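These notes are about the structure you will find just below.
The values are calculated or read from the model by the stated rules, or taken from the named source; none is laboratory data. Small disclaimer: the values here were computed from a predicted structure and weren't measured. Counting neighbours? That spans all protein chains shown, and the Cβs are built from the backbone with ideal geometry, glycine included.
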Amino acid sequence: MAFPTIPCPLHVFEPRYRLMIRRSMETGTKQFGMCIADELKGFADHGCMLQVRDVKFFPDGRSVVDTIGIARFRVLTHGQRDGYHTAKIEYLEDKKVEGEVLTELLKLHDSVYDQALGWFTSLKDDMKNQIISHFGQLPVKDSDPQDNPNGPAWCWWLLAVLPLENKAQLTILAMNTLKDRLIAIRRVLIFVTRKRPR
């Protein structure tokens, strides 16, 4: 599962995906979408566009692709080309709010961030170090959480590190209001905080 602003290193070894990576590099876009698998459709209706930052090729054709999530999307049509999935997509952006609704959103944003920071701080050092080595530090709280059309980076970091199933992550990825995403994250934080043995 990939998220906006979050690094997503990939080990590419299947010929069809090697072809896809090569094409994305040759066309100059250096981008491709990632969706989780879906038993009925082949892949989910929402995903994340990835930007290729670097590719290391091995003599046997495999590669390690350093990517980062840049934007969420909704799949309009499913397709296939040369063995790999393709899609027509539309990008998702959070709906902006103003006035009293914005004031409430800012309070919720600050509260959930503090809750996330408390959860992360309470983890054992070895768990924290493992998370930091894979995903980096918890991003700082945004002064304007509506500044990025995908919402604050810390939300995506948290979704990447929380113990959530892919379907739950996908539901949150597809949300197009920051308020809904924050409420969902708060629920997960409450659950993992209560569940953890003391």
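All of (1) modelled with pLDDT under 95; (2) within 17 Å of the chain's Cα centre (by Cα) hold for I70 with one exception: (1).
The condition of being without any contact (Cβ under 8 Å) to a residue 40 or more places away in the chain, in contact with a strand residue (DSSP E or B) (Cβ under 9 Å, 6 or more places away or on another chain) and not assigned by TED's automatic domain parsing to the domain that holds A168 holds for only one of H85, H134, H78, that being H78.
The criterion of at least 2 residues that are among the aromatic types (F, W, Y) and surrounded by 15 or more Cβ atoms within 10 Å (Cβ to Cβ) is met by the following helices (runs of 4 or more DSSP H) wholly inside the range 68-161: 99-122, 153-161.
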